[in-house]
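Below is one structure, written out as structure tokens; the observations come after it.
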Amino acid sequence: MRAAGNAFEQRACDELERAGLKLLARNYTTRYGELDLVMRDRDTIVFVEVRHRVRASHGDAATSVTTSKQAKLIRAAELWLASHPQHAQRPCRFDVVSYDGPVTQAHMTWLRNAFEAG
């Protein structure tokens, strides 16, 4: 399962880099959880959650980022910013890159500014 997660994170990273974002960190782990990708979009720091769902029986991949998951991501982002003070004053946003469908045919959706930090 982790291998598939890593593969989708790499696919998302590649796609976002093609769109002009720059990778700052990957799999940044805190006591609140992990930030899949931390990227920079011009002056904005972008915290990216990558999700994959094979079947939509429990909702699509993007809807799996629940309110409690969002709160954990926000806390983890605050810790990342605290440990990277050179970025602390930059605007931030939270994006979700979701993949729905079988691994070889998964459709990507990029939700920019998917939720707010407060």
Residue within segment 33-44 that is modelled with pLDDT under 95, loosely packed, with under 14 Cβ neighbours inside 10 Å and not in a strand (DSSP E or B) present: no
Of all residues in segment 62-78 being out of contact with any helix residue (DSSP H, G or I) (no Cβ under 9 Å at 6 or more places or on another chain), hydrophobic (A, V, I, L, M, F, W, C) and surrounded by 15 or more Cβ atoms within 10 Å (Cβ to Cβ), the one that is modelled with the lowest pLDDT: A62
Scan of segment 82-93 for residues that are surrounded by fewer than 13 Cβ atoms within 10 Å (Cβ to Cβ) and not in a helix (DSSP H, G or I), ordered by number: Q89, P91
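Look at L79 and say whether it is at negative phi and in a strand (DSSP E or B).
When the stated conditions are applied, L79 does not pass them.
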Residue within segment 98-112 that is surrounded by 13 or more Cβ atoms within 10 Å (Cβ to Cβ), outside any strand (DSSP E or B) and either touching a Leu at 6+ places or on another chain (Cβ under 7 Å) or among the polar types (S, T, N, Q) (or both) present: no
Number of positions in segment 1-32 that are in a loop (DSSP other than H, G, I, E, B) and either modelled with pLDDT of 95 or more or among the basic types (K, R) (or both): 4
Meets criteria (within 18 Å of the chain's Cα centre (by Cα) and modelled with pLDDT of 90 or more) for H87: yes
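The values are calculated or read from the model by the stated rules, or taken from the named source; none is laboratory data. Please read all numbers here as calculations on a predicted model, not as lab measurements. Quick reminder, even Gly has a Cβ in these numbers, built from the backbone with ideal geometry, and neighbours come from all protein chains shown.
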